[in-house]
Amino acid sequence: MTLSDTKTSPDPPQPSSGIDSDLMLQEAENLLEFDRVREMLAKEARFYMSREIIREARPVRHPEDVTRLQDETAEAVTLLNTKGDIGLAGMRDPREPLRRAILGGMLNGSELLVLCSIFQSMWVARSTVMTITDELPLLSDMASQIRDLREVRKGIVEALSDSGDVLDSATPRLGQMRERSRTAYQRAMRIMERLASREDLKPVLQSNVIASRGDRLVLEVKSSHRGFVRGIIHDVSSSGQTAFIEPFTVVDAANEWREAAYEAEKEEERVLRKLSRAIALHGEDAMASLQAAASLDAAVARGRLSLKIGGIRPKTSFDSASDDPINPVLIEARHPLLGDDAVPITMRLDEIRRGLVITGPNTGGKTIALKTLGLVALMHQFGLQIPAREASELPVFEGVYADIGDAQSIDRSVSTFSSHMERVIRILAHASDRSLVLLDELGTGTDPEEGSALARAILDRLVSSGAWTCITTHHRPVSEFAAKHDHLANASVELDPETMLPNYRLIMGLPGQSYAMQVAQRLGLEQPIVDHAITMLDPLRSQTESLLKSLQQERDQIGDVQQQAAEDRAEAERMRAEAESHLQHAENERDKAIEEAREQLKSEAQRVRRQLRRLMREAERDNTWQEARQSAADVARSVNSEAWMATPDSPLSQSEGGAGAQRPRGMPASNPPKFAIGDVVRVESLGLTGEIVELDRDERAVILSGSMRFQARPHMMTLLKASRSAPTSNQSSSQQPTPTKMTRVSDAAGDLDVRGSRVHMIESMIPQFIDRAFMQGLTSVRIIHGEGTGALRQAVRDILSRESHVETFQPAPRNAGGNGVTIAMLE
C-alpha cells in the first residue's frame, strides 16, 4: 500500500463551497512549499518506483493512517540504525520491459540485466529486513511480499555477460556457430587483404581499406576504374567518385560467413526469448515484488530523511495512551527547508486558546513561524518525523488551509486584498474543529482600521468554529483583541536591540513591537524627523510600547536565569551520574574479587573431598580402615578454615570489626535465634549438618560433623534439634556434651537403621549420617526404615531429596530388603 492510496475510512464530509476542498488543500501545500519537502524525500529513495510513489503521494488525513505511516518510519529508523541500509537499488523503471515480456515480447540483453539486478537487490533487501523481523513487524510484512526469483536470476547470469551479450556457453550449439562464423570471416578477410595489396589494383582503389556495406565486405574502387574489379556493386558514395564493390572471388567465403553469423544470431535470439519467457512466467510475482519493494524503499526513505533532519515522532491523538487532549505543541521546532540556518521556535496552543496571533516587525520571522507550523503538520501526516524536540505534540488535521501570499512566498508574487479575501472566504466555508488555518498578514492591503476590524471578526469566527488558527498581523488592535479574548493568545518576534536585525525567536504570551522608529533611525532617517514622528504617536501607544519593551527585557532576564539554572542542574546530574557510575564500578570489582576467591576456595574444597574419597577407597582395598579414617580426619581439618573462608560470613565478604565492615547484599538484618551447646544444626552454605560443641562470646559456633570441625555464625545455622538442657552462664566454652544415642548403626559401613524412630527424629539423623558417609568417601549408603505404613519410608526419601550430597536414591533389590530399605548414591 502506498502513501497515496492509504485510506482506512471514508473521507470526512466537507461542507459545500464553490471550490473543491482537495484543491484548497493542494493550494495550501504549494503555499507552504511542501513540494520541496516531498522532493527532499524523493531524493532519499533508492528505487525508481518509490521515487514515483513519493512524488505522487499526499499527506493522509485519518489518525489510523498517520499512526501506521509513523510506525513504519520508526521501524525504518531502527533498521537504519541496526543494519545501516537494505541494499535496495534500481534507478531505471523496470515495469515497461517487464510488461513487454509478459505480453510475449523479447527483451534484449541490457533489459534482462537490469531486471536481474533489480530482482537481486530486492531479495537482498528482503533478507536484510527479515533478519530482525521481531523488531520490524510492518516492514517485515512488506518485505515478505517480495518473491524469490532466484531461478530467473540464475538463468540470466549464466547466459549473459556483464555487458548484456549472450555468452558462447549459453547453449551447446552457439559456441560452435560463432566459431564457424569467425573462421569464415577470417578467410574472407584474407582474400580481401590480398586483393587490396595487389600492385596492379592500387591505381584503381581509392584506399586499401576494406569496408562493409549491408554486412558484405567491399573494396573502395574509383568509379572511373570500376571495370577493373569484377564483382558486385553494393553502394556508391554520395559524390559518385567511389563504388563499393564485393569481388566475385570473395563471395563464397563471405556467404559462408554471413550464413554462420545468421545462424548464431538466431541462436542468440532463441536464448533471449527463453529468458524473456522465464520472466513472463514469473511476471505476476515480479510485479508484486516490485510494488512491495517500492513501498519498503519509500518507508526507508522516510526513515533516512527523518534521521538526516534530526526528527522525532510527536505525540499524537491516536497513539496517546492518556485521555488528555492532544494540542499543537512544538518544542524547538525548526523550519525543515532552512537547514542549519533555522532558528528553533517553541509554540503552544491548547483546548482553550485555539488561536495564536503573531505580531512584530517586518522580516522578523512571523511568516517563518507560520510556515514551520504548517510544514511540520504536513510532514507528520506524510509519515515523516518532525525536526523538533521530544514532548512536541500534533493532532491529526482533516485539513491544513493557508493564505500566504506576501513577498516571502517562493514565487514572490504580490496578492491584492481581493484575492486574499476570496481565499479566506473559501477557508471559512471548509474550516472545522479538526482544521489548521494559517493566515499571513490578515487584514492588510486595505484601510488599516477596516482591515483590522475584518481581521478580528474573521479570527473570532475561526476560533468559534473550533479551528486551530494561527495568523500574523501588523495591526495592534488585533493583538489587543487577542489579549482580551478567552480563546486567543499572543506571540511575537523581535529585533536585536543593539543591531536592529531580526533574531527570528518566537516569544509566547506577548504582542510584538513594530520597531518602525528604531529601524528608520538605523537606516539613516534624520533624528529630528524621528523625534517629530514620536510626538505624533498616541501617548497611550507610547506607554504601551515602553511597557512591552520593559516586559520583554524582564522576560529575557528570567530566561537567562532559567537557562543557567537548567545548565547547573544538568551539570549536577552529570556529576551525580558519574559518581554513581564510579561507585557501581567499585562495587562490581569488589563483588567480582569476592566471587573469584570463593570459586577458588570451592575448587580447593572439591579437590580435598576427592582426596578423602581416594583415601577411603584405598583403605577398603588395603584393609587399613583405621589409618585411612585418621588420614581423612587430618585432611578434613586442613580444610576447615578453607570451608569457613568460602562462606558469605568469611573475611572475604566483610572485614570483621573493621571500620569498613558491611553486611553482604541479601543478608538478613534480623537477629538470629539463640543457640546452645548440644544443638543439632544445619549449615546450608556448606551443605553440612552437625552438633554445636563450642560457643564463643560472639555466639560463633564450633560444629562437629563426623570427623570435621568447622565454625559458623548464628545467621548461617538452622536449628534441627535443641539440646536436652539449655547451657548455663558458667558453662565452659570447651565443654564437650555427652552424645546421646539417636539411632542404630549397623556393623556394615554405610548402613543407618531408623526403624522405630519418629519422623521428627530422623530429620537430624539422616543429614548427619549422609555428611559422615560423604566425608568418609562412601559412594552409596543404605537406610533401613522397614515397610510398615510407608510414612517413615516417605519421610526418609523426602529428606534425601533435599540433601546436596545425594545424587540419586532408590529402593533396595527385593533380596536385599526391597521397599524396607532405601539406597542413596552419593556424588
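Read-outs: derived from the displayed coordinates by stated rules, not from any lab. Quick caveat, the model's predicted, so the values are computed rather than measured. Neighbour counts are summed over all protein chains in view; Cβ atoms, including those assigned to glycine, are modelled from backbone coordinates with ideal geometry.
Partners of Lys202 within straight-line reach, counting lysines whose Cα lies under 16 Å from its Cα and excluding those fewer than 8 residues away in the same chain: Lys222.
A simple spin-label model places the labels of Arg389 and Met575 2.3 nm from each other, with each point 7 Å out along Cα-to-Cβ. Working ranking of peptides 365-371, 481-487, 64-70 by packing, defined as the average number of other Cβ atoms within 10 Å per residue, highest first, is 365-371, 64-70, 481-487. Counting other Cβ atoms within 10 Å as a rough exposure proxy, the listed residues Met517, Met716 run Met517, Met716 from fewest neighbours to most. Length gained on full extension, His225 to Asp568: 113.2 nm, using 0.36 nm per residue less the C-alpha separation.
Most tightly packed first, judged by the mean number of other beta-carbon atoms within 10 Å of their residues, the peptides 200-208, 95-103 read 95-103, 200-208. Label positions at Ala722 and Thr78, each projected 7 Å from the Cα along the C-beta direction, are separated by 6.1 nm.
Count Lys and Arg as plus one, Asp and Glu as minus one, and take only other residues whose Cβ is under 13 Å from that of Arg574; the net charge is then -4. Listed by Cβ neighbour count within 10 Å, with the fewest neighbours leading, Leu510, Leu523 appear as Leu523, Leu510.
Under 13 Å from the 7 Å Cα→Cβ point of Ala516, by amide nitrogen: which residues of segment 349-373? Flagged as within label range: 360-362. With unit charges on the beta carbons (Lys and Arg positive, Asp and Glu negative) and the dipole taken about the Cα centre of segment 100-211, which residue among Ile146, Val166, Gln176 sits farthest to the positive side? Farthest towards the positive end: Gln176. Of all lysines in the structure, those lying under 28 Å Cα to Cα from Lys674, and not within fewer than 8 positions of it along the same chain, are Lys721, Lys741. For Lys202 and Met508, the FRET efficiency from 1/(1 + (r/R0)^6), where r spans their Cβ atoms and R0 equals 60 Å, is about 0.05. Over all pairs of different C-alpha atoms in segment 172-253, the reciprocal of the mean inverse distance, the Kirkwood hydrodynamic radius, equals 13.3 Å. You can think of it this way: the chain between Arg277 and Gln584 has 103.8 nm of extra reach, that is 0.36 nm per residue less the Cα-Cα gap. As a rough guide to protection, the peptides 751-764, 375-388 ranked by mean Cβ packing within 10 Å, highest first, stand as 375-388, 751-764.
For Asn490, the amide hydrogen comes within under 5 Å of the amide hydrogens of Val357, Gly509, counting only partners 5 or more places away or on other chains and with H modelled in the peptide plane. When the listed pairs Lys43/Lys371; Lys43/Lys308; Lys154/Lys266 are checked against a 18 Å cut-off, the alpha-carbon distance exceeds it for Lys43/Lys371; Lys154/Lys266.
With neighbours defined as other Cβ atoms within 10 Å of a residue's Cβ, the residues Thr171, Thr499, Thr372 order from fewest to most as Thr499, Thr171, Thr372. Taking 0.36 nm per residue of sequence separation and removing the Cα-Cα distance, the Glu27/Glu480 pair yields an extension gain of 160.0 nm.
Candidate cross-link partners of Lys592 among the lysines, defined by an alpha-carbon separation under 16 Å and a same-chain spacing of 8 or more, comprise Lys602. Database remark: amide H of Leu107 closer than 5 angstrom to the amide H of Ser276 (H placed geometrically; neighbours at sequence offset of 5 or more, or on other chains; Pro and chain starts carry no H).
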